[in-house]
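To start, the structure itself, in structure tokens.
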Amino acid sequence: MLLMLCLSSLMFLAARRMLKPAIKNDRVGQKMKQVTISLLLRGLLVGMVTGLLGIRGGFLIVPALYLLVNLPVKKAIGTALLIITINSLFSFLNSYASMEIEWLLLIKFSMGAVLGIIIGTKLSRKIPGDYLKKTFGWVILSMSFYIVYKEFFF
């Protein structure tokens, strides 16, 4: 329960920062070089939390990349998708031998996901990054309240 409350608090703080107006910052590459070890440790923490709680990492990875590394929202989303894909691949390979996989279901779902990715990519080109940032901030804020509600009142 305490872990979920901490997660909800982190999500709330990330949402609050994402909903603030953007501050122009051109130090993305410079900041990434300075915080390599910090990023590795934070990535480890995010990976442990997502693995421990079984939540999808996008709700933590995107804000982390945006807030800690100052990546633009669209790049943070794309980077998070790549990270989630790699995590999913390793999880699949880790559990592949110990479970029976319904390949037809996997193929159908994957085809739908690929179609969704293509449509989402085309739509994202037409949506300003600032709008995506605010929308994602509201989603994270809503999820933080939902976690608290589910943990304490459900």
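The values are calculated or read from the model by the stated rules, or taken from the named source; none is laboratory data. Model, not experiment: these values are computed from the prediction. Every residue, glycine as well, gets a Cβ built from its backbone with ideal geometry; the counts of neighbours run over all protein chains shown.
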What residue, among those in segment 49-86 that are at pLDDT 75 or above and among the polar types (S, T, N, Q), is farthest from Asp130 (Cα to Cα)?
Thr85
Hey, can you tell me all the residues within segment 57-104 that are of a type in the set (Ser, Thr, Tyr) and farther than 18 Å from Leu10 by Cα?
Thr79, Thr85, Ser88, Ser91, Ser95, Tyr96, Ser98
With the requirement that a residue be polar (S, T, N, Q) and within 12 Å of the chain's Cα centre (by Cα), what does segment 63-86 give you?
Thr79, Thr85
Kindly check whether there is at least one residue in segment 134-153 that is at pLDDT below 85 and of a type in the set (Lys, Arg).
yes
How many residues of segment 11-48 are among the aliphatic types (A, V, I, L, M) and at pLDDT below 70? The answer is 5
Filter segment 97-154 down to the residues that are closer than 17 Å to Lys74 by Cβ and outside any helix (DSSP H, G or I) and list them by number.
Arg125, Lys126, Ile127, Pro128
Ile101 is checked against (1) farther than 30 Å from Leu19 by Cα; (2) in contact with a Phe, Trp or Tyr (Cβ under 8 Å, 6 or more places away or on another chain) and fails just one. What number does that condition carry?
(2)
Name every residue in segment 120-138 that is in contact (Cβ under 8 Å) with a residue 12 or more places away in the chain and among the hydrophobic types (A, V, I, L, M, F, W, C), in order of residue number.
Leu132, Phe136, Trp138
